[in-house]
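All of the numbers you see were taken from the coordinates with simple rules; none came from a lab. Keep in mind the model is a prediction, meaning the values are calculated, not measured. Note: ideal-geometry Cβ built from the backbone for every residue, glycine included; neighbour counts use all protein chains shown.
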Amino acid sequence: MVRRTVLACAAIAIVSTSLGAQSQAPRNDLPQPYKTTRDWGQLPAGVVWAAVTAIEPAPDGTIYVVHRCFENSCAGRSEAPIIKYDRSGKILATWGQGMFIFPHGATVDREGNLWVTDARGENGKGHQVFKFNPQGKVLMTLGKAGVSGSGPDLFDQPTDVLVAPNGDIFVADSHRNGKNNRVVRFTKDGRFIKEWGKKGSGPGEISEPHTIAMDSRGRLFVGDRENNRIQIFDQEGRYLAEWRQFGRPSGITITADDTIYVTDSESGPDTGARELPGIKKGIRIGSAKDGLVTAFIEDMESTVPDHSGAEGVGVDAQGNVYGGVVRRRMLERHVKR
């Protein structure tokens, strides 16, 4: 039994080393080849940006932006948390009024449907994942409205969602101090398949799975935020590697060429949440193939104690990078110089 355990640990170490050869402390001195514009995009009359949490370009070139209605919550608000734009930033549609408490992560599947998580619950709303068609019609819901829980049909503060090429759905479940700290997998029609993860800091354990993305090989990249790392899994939940060179991950997106964009909105002085002292906030850019980090978009308040940087991140077909800022409530657009 001891020998099997040693061999298993050795195998994990070999896999981790081969996939995470670039894993090291995040750097502040990388090239910054982008010019930043803030408050990109029109807004409905009378509306100002609330906390922006997700930016998701669709296959047809439109761009979905998710924000929290007013300041940092949609509870009791009438504003639409979902805004659909054309490439120029002109509003095409809005929806979602009265549906959300704390809209959080999002994704667009290959058919152009938008998926959004609600990471809080109260008054019979929240703790759910919604699937919308491009016109805003609800096609599917996962979880039970306003009910926090575990198991196959409940969530506790789900933070993000992705859809695999075969239609399987993966949900990152539990925000800070949440009860689950897991990834949940469903079939394309919402049938529970499996889950993995538990609170902890060891291989495969998670403390605040804040974001999830998939590369061209079908590997899952989970932003294990309170552990200051990305963990990489296969679709069965087998642990493959951890990467720390991208900082404290709040948001991850991976484009078709396996370029990975990771937002770090919380590094800097340690406020008691195990942040990374001395590491600047911003968006680190590199390769999902080997983990090499090649560029850095520094946050405008990269060294302040507050959690100030972009959390959500999206990249359009032209390579423009969008950052959703929560504390300062703005939408940033970064264009290559």
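Separation of the alpha carbons by more than 21 angstrom is noted, of 144/194; 198/280; 125/194; 179/280; 131/188, for 198/280; 125/194; 179/280. Note on the chain: helix-only mean residue ellipticity at 222 nm, from DSSP H runs of 4+ residues weighted -39500 (n - 2.57) and normalised by residue number, equals -2000 deg cm²/dmol.
Taking residue 35 as the anchor, which aspartates and glutamates have their alpha carbon closer than 17 Å to its alpha carbon, excluding any fewer than eight residues away along the same chain? The qualifying aspartates and glutamates are 298, 299, 301, 316, 332. When Rg and Dmax are taken over the Cα atoms of segment 2-336, they come to 18.5, 67 Å. At what distance in nm do the modelled label points of residue 177 and residue 317 sit from each other, each positioned 7 Å from its Cα along Cα→Cβ? The answer from the label model is 4.5 nm.
Of all beta bridges that DSSP places with both ends in segment 2-336, some 95 percent have antiparallel geometry.
Using R0 = 41 Å, the C-beta based FRET efficiency linking residue 140 and residue 32 works out to 0.55. Between residue 78 and residue 39, the FRET efficiency from the beta-carbon distance, with R0 = 25 Å, is close to 0.70.
Given R0 = 25 Å, the distance between the Cβ atoms of residue 194 and residue 292 translates into a calculated FRET efficiency of 0.20.
From the alpha carbon centroid of segment 265-296 to that of segment 96-152 is 28 Å.
Taking 26, 44, 249 as the candidate residues, the one with maximal mean-square fluctuation in a Gaussian network model of the chain, Cα springs under 10 Å, is 44. Counted by Cβ distance under 9 Å from residue 63, the other residues give a net charge of -1, where Lys and Arg count +1 and Asp and Glu count -1.
Net charge in the neighbourhood of residue 264 (other residues with Cβ under 9 Å of its Cβ; Lys, Arg +1, Asp, Glu -1) is +2.
Sequentially through segment 79-92, phi angles give Karplus couplings (6.51, -1.76, 1.60; θ = phi - 60°) of 5, 7, x, 10, 10, 9, 10, 8, 4, 8, x, 7, 5, 9 Hz, Gly and Pro residues having no value and appearing as x.
Close amide H pairs (under 5 Å, H built 1.01 Å from N) link residue 330 with 52, 325, residues at least 5 positions away or on another chain.
Stretching residue 217 away from residue 234 to a fully extended chain increases their span by 5.2 nm, per 0.36 nm per residue minus the current alpha-carbon distance.
Summing +1 for each Lys or Arg and -1 for each Asp or Glu among the other residues whose beta-carbon sits under 11 angstrom from that of residue 92 gives +1. Would you please classify the overall shape of segment 137-221 from the alpha carbon gyration tensor, given that a ≥ b ≥ c denote the square roots of the eigenvalues, rounded means a/c under 1.5, and beyond that prolate means a/b larger than b/c while oblate covers the rest? In terms of gyration-tensor shape, oblate.
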